1. Estimate the FRET efficiency between A:D14 and B:H392 by the formula 1/(1 + (r/R0)^6), using the beta-carbon distance for r and 22 Å for R0, to the nearest 0.05.
2. Identify the residues of the range B:106-127 with backbone N under 20 Å of a label point that sits 7 angstrom from the Cα of B:T5 along the Cα-to-Cβ direction, or state none.
3. Modelled label-to-label distance, B:R22 and A:S31, 7 Å Cα→beta-carbon offset: nm?
4. Quote the relative contact order of chain B in percent (integer), defining contacts as alpha-carbon pairs under 8 Å separated by 6+ residues.
5. Against the globular-protein guess of 2.2 N^0.38 Å, express the Cα radius of gyration of the protein assembly as shown as a ratio, rounded to two decimals.
6. Using only C-alpha positions, report the orientation-averaged shadow area of the convex hull of the range B:90-232, nm², one decimal.
7. What does the convex hull of the alpha-carbon atoms of chain B project to on average, in nm²?
8. Buried accessible area between A and B (1.4 Å probe, both chains summed, ligands and nucleic acids excluded), in Å² to the nearest 100?
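The values are calculated or read from the model by the stated rules, or taken from the named source; none is laboratory data. All figures in this text were calculated on a predicted structure; none of them were measured in a lab. Here the Cβ positions follow ideal geometry from the backbone for every residue, glycine too, while neighbour counts run over all protein chains shown. These accessible areas exclude ligands, DNA and RNA; they are computed on the full protein's heavy atoms, side chains included. Shrake-Rupley method; radii C 1.70, N 1.55, O 1.52, S 1.80 Å.
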Amino acid sequence: MTLNREPNIAAPDDFYQELIDLHRELTDEQSALVNAKLILLLANHIGDIDVLRAAMAAAREDVMAPRDEPAPTAASGP
Amino acid sequence: MMTYTPPVYPYTKPVELTGSPRHWPVIVAGAGPVGLTAAIDLAMRGIDVLVLDEDNTVSIGSRAICWSKRTLEILDRLGCGERLVRKGVSWNVGRVFFRGEQVYQFDLLPEQGHRRPSFINLQQYYVEQFLVERATELPSAELRWRHKVVGVTPREDRVTIRVATPDGEYTIHADWLIVADGSKSPIRGMLGLESEGQVFHDRFLIADIHMTSSFPAERRFWFDPPFHRNQSALLHRQADDVWRVDFQLGWDADPEEEKKPERVLPRLRAMLGEHARFDIEWASVYTFQCRRMRSFRHGRVLFAGDAAHLVSPFGARGANSGIQDVDNLGWKLELVLTGMAPERLLDSYDAERTVAADENILNSTRSTDFITPKSNVSRTFRDAALMLAKRHTFARRLVNSGRLSVPATLVDSPLNTPDGEPFAGRMMPGAPAVDAPVTGDRGEWLLDYLGDGFTLLLVTAQPPVETLLRELRALASDPISCNSVLVGAADTTAKAGELRVTDPTGMLAERYDTCPGAAYLFRPDQHVCARWRAFDLGAVRAAIVKATAQTPVAERQVA
């Protein structure tokens, strides 16, 4: 199986509002805990390690500044 | 009053200081559980072995306490498993607590039909004492106390060892030196060798307390308990109503301060309740490391146990893996010393046991990362898994309070003969034999029949025909002898030479996925090295050649 990146949630606005509401009145620390529990529950539901790896990689994309590319070596010259 | 009085073993002035030194096939440095097990294994093979230890008693404090099923099975083979089991406390159940409540419990051995429990708890000093007493029964083993190795010179054909005693120093030679002198391994240092890896920035207080209590024999692990906030704690029952307590202290704790009774007592009272009555027998503060030597074989010097590899204590993978090291080494040294196998067979000791060490280090490091999260997000996920574990079974598999020691399956060992036919189950080449109940002359457990040299287990539906028996006798009289154990119906007529067992519960057939005619070849350390759906004399011989690192005859002719 591959990670589905196409729209898959029937009512995205409803889902998004519920996700934000999930964190209402929680401290940042509590929110972090709820998010972690949510990730673990969903990850178990998905189960497929390839899908999980693809999702983890996609989640990290664009978050960190890209690492410096290694300088071209002499051997790769003209 | 202490529950245990350590023995004092006598120092004897060595013959080398009065007369001529003798040459030893094997010298073992270190009379801890690993060194003593090595000596017993070799002495039972009739190989003269000398053990040198700088001390004259057993371990101080309980230290290693959890002895795994595989360790007990190895010690059964060496004639002292029963004594450990009788003295020790058997347990299979573990409970995990998070903050104030239990989140789940587990049973390490949910299936029946095994002689030994998944673990016993027994103070290391008892294990060492029993091993010393077992070694002393064996004429081929000699133990020398207060004999400290101060120099090691490896040579092409022998190892020269300098030993210091209260009466002065002497020099002694051995064909092979087994270094089992512990985590700091002075000999490793003398040879300029290193053990590389990771130091964990955490400290733990361990204490042995004597207490009469109705707590059952279970492993109890607390994450962030009310009596020890933001840290972890572990409780184990040992022999003689001695309990072992581990408290995580954090990296900033002062080890000398934390050992003091005025610091230890309040922690224990908070854990055990104000009404608990107990005495502290021993307390120590430790840090830990996960590291190993790049190679466990350096010519004629072979490293084993903590000297070769170190893990965190979570998972009981230290002493247990050390005992598996020497279980792996003994039969190989015997074959090399008797000229039956080339020296390169000992390279497989390195190949097999470094892989096992990596497996232990990986498991141990993961446990440590769960118990001592190294970042806020790591702690958040840890707490999330623990909170979910109470209601959701899936999360229990994520909780890691120690992945308890199971022996490595040596899947990629160069000594294995790969399967030619499909088999189900876990008993693939490289796997340590799993036990099963049987009936027969030698005992009621399958493992009683394996480990006396190479052993072929052959499943027979019919009484075996004479041609088969003749071939099995040929195997038994080969230079590297292979015994046969026939698994069949109870009414097959017994014949001299082959051992017969029956499989009354069908567990053997199930665990080994056998069919009539199936054959399993076990190494002397009870690991599977080959298996077939049908017996073939040539195939068995070829598998023994492979398992003993001998060049096959065909290749030798080409060369």
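1. Working: r = 25 Å, r/R0 = 1.14.
With R0 = 22 Å, the Cβ-Cβ based efficiency is 0.30.
2. Flagged as within label range: B:123-127.
3. With each label point 7 Å from Cα toward Cβ, the separation is 7.8 nm.
4. Details: 1189 pairs, mean separation 75.0, N = 559.
It comes to 13 percent, rounded to a whole number.
5. 1.08
6. On the way: hull surface 60.4 nm².
It is 15.1 nm².
7. 28.2 nm²
8. Working: alone 7450 and 23280 Å², together 29890 Å².
Buried area between the two chains comes out at roughly 800 Å².
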